[in-house]
Amino acid sequence: MSAEQAGTAPGTRPGARAAGTSASAGRPNVMLLLATIGFFVNFWAWSLIGPLGPTYQEDLALTPIQLSVAVAVPVIVGSLGRIPIGALTDRLGARVMFPLVSILTIIPTLFVGLVADNFVMILIGGFFLGLGGTAFAVGVPFVNAWFAPARRGTALGIFGMGNAGTAVAAFTTVSLAERFGRAGPFILVAVLLAAYAVVARVLLRDAPGRTAPAGSLLTRTVATLKIPVTRQLALIYAMGFGGFVAFSVYLPTYLTTDYDLTRADASFRTAGFVILAVVARPLGGWLSDRWHPVPVLTVCFSLAGLAAVLAALKLELLPVGTVAFLTLAATLGAASGACFALVAKVAPADKVGSVTGIVGAAGGLGGFFPPLVMGAVYSSTGAYTIGFALLALSAFAVAAFTWGPVRRASRPGA
């Protein structure tokens, strides 16, 4: 039961109920704000290596393959690490896990910024920096527990805007490094992580009535994987959030290669893509609260498929090409928000963290493979047409899957 439903914690004296209700009326919103800030700062740390890739390549004489691996390691670890972190959040609560993840992330942040001076050390630091990417699996069950079912989609969509930390890293890291030295952005983020850890420990409160599940972490993770909706949600999020991640990473390369844009112009247009996707995420959650996540997801993926078809035709960038990519941004962002509105509806209450961990891992991994496919397609054919055609087919297939098996599984009593 959420705090909004319960009003007061179990065991509260009846005479204190009215005073407690008025005092805590705004607490869910405060908890949402704190969780979103924690998600934002940890994702900022998680994304620090990527923007400095060209700098590392030049200063450390890295090969293109070494650079790709160095940038990919935090993404992979941050994605897979969500599985145990989500399960631990079910057991220990976000009041423990948010400060813990933030404090531990400071260590690799400072290590990469102040110590790492060769490829192996960058890999080691990047591996542990992946911990910042697991903060997502801490916040979803926390926010889910604080809000009544009718508002969870919107609340989780707002929380999801914390992934803007990735965009802030992309926009600020290089300029901060140029002005204050390469360690500058890492020191700044380490300070923010420390400040957030203190604030979170003092102010964060797990929702009243939270109970720790029984069983070991491994046992609960295996049990969660056996739940059919976990696998269904993982596929949906791999398409929605994975598609967003893939485009935010690969779109600059595509625009410079296929449309001969300058790197600055391509980065600017990619920034617009990222911002629109981030803003659309709470919209997807809000629409899911108004209707239901399944039709929202179905429409989003169908429109994304049509936009991918337009992109495959390689029409003029203005206006048709731009419309296609902005449509992809809006629909994939909204689908990401709607996916976790669906998590809130169908995941067992004591396994929301575990389900979130697995689904979140699928989303991160979903963003890792498409750029590899696009690169391979371009190397083989000299064009991206087949890659966008595969994206369109995938989007249409997931739309059909959502309207079919997922819709049936999400019915009450299913």
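The values are calculated or read from the model by the stated rules, or taken from the named source; none is laboratory data. This is a predicted model, so every value here is computed, not measured. Neighbour counts are summed over all protein chains in view; Cβ atoms, including those assigned to glycine, are modelled from backbone coordinates with ideal geometry. Surface accessibility is based on the protein's heavy atoms, side chains included, excluding ligands, DNA and RNA. Shrake-Rupley method; radii C 1.70, N 1.55, O 1.52, S 1.80 Å.
Below are the figures for this structure:
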{"item": "At most 13 other Cβ within 10 Å, DSSP loop - chymotrypsin sites (Phe, Trp or Tyr not before Pro), the stretch 226-324", "result": "291"}
{"item": "Most to least accessible of 107, 124 (protein chains only, probe 1.4 Å)", "result": "107, 124"}
{"item": "For Rg/Rh (Cα atoms, Kirkwood Rh), calculated from these coordinates, the label among (1) 0.98; (2) 1.03; (3) 1.06", "result": "(1)"}
{"item": "Stretch gain in nm, segment residue 380-residue 393, where the contour uses 0.36 nm per residue and the Cα spacing is subtracted", "result": "2.7 nm"}
{"item": "Computed accessible area, residue 314, all protein chains, 1.4 angstrom probe, square angstrom", "result": "100 Å²"}
{"item": "Sequence ranges 323-335, 369-381, ranked by mean other-Cβ count within 10 angstrom, highest first", "result": "323-335, 369-381"}
{"item": "Whole-percent carbon and sulfur share, accessible surface of the chain, 1.4 Å", "result": "71 percent"}
{"item": "The chain, relative contact order in percent, only Cα pairs under 8 angstrom and at least six apart counted", "result": "24 percent"}
{"item": "Structure-based [θ]222 nm, the chain - -39500 (n - 2.57) summed over DSSP H runs of at least 4, per residue, nearest 500", "result": "-25000 deg cm²/dmol"}
{"item": "Accessible area per residue, Å², the chain with all protein chains present, probe 1.4 Å", "result": "42 Å²"}
{"item": "For the stretch 143-270: rounded, prolate or oblate by the Cα gyration tensor [a/c cutoff 1.5]", "result": "oblate"}
{"item": "Principal axis dimensions, largest first and in whole angstrom, of the stretch 230-337 by Cα", "result": "41, 25, 22"}
{"item": "Heavy-atom SASA rank of 227, 65 (probe 1.4 Å, accessible area, largest first)", "result": "65, 227"}
{"item": "In Hz, Karplus ³J(HN,Hα) per residue of the stretch 115-122 (6.51, -1.76, 1.60; θ = phi - 60°; x = Gly, Pro)", "result": "10, 4, 9, 8, 4, 4, 5, 5"}
{"item": "Sequence-separation-based contact order of the stretch 53-140, relative, with Cα cut under 8 Å and 6+ spacing, percent", "result": "45 percent"}
{"item": "Using θ = phi - 60° and Karplus 6.51 cos²θ - 1.76 cosθ + 1.60, couplings along the stretch 55-62 (whole Hz; Gly, Pro as x)", "result": "5, 4, 4, 6, 6, 9, 6, 7"}
{"item": "DSSP-loop trypsin sites (Lys or Arg not before Pro) across the stretch 242-313, with at most 15 other Cβ within 10 angstrom", "result": "none"}
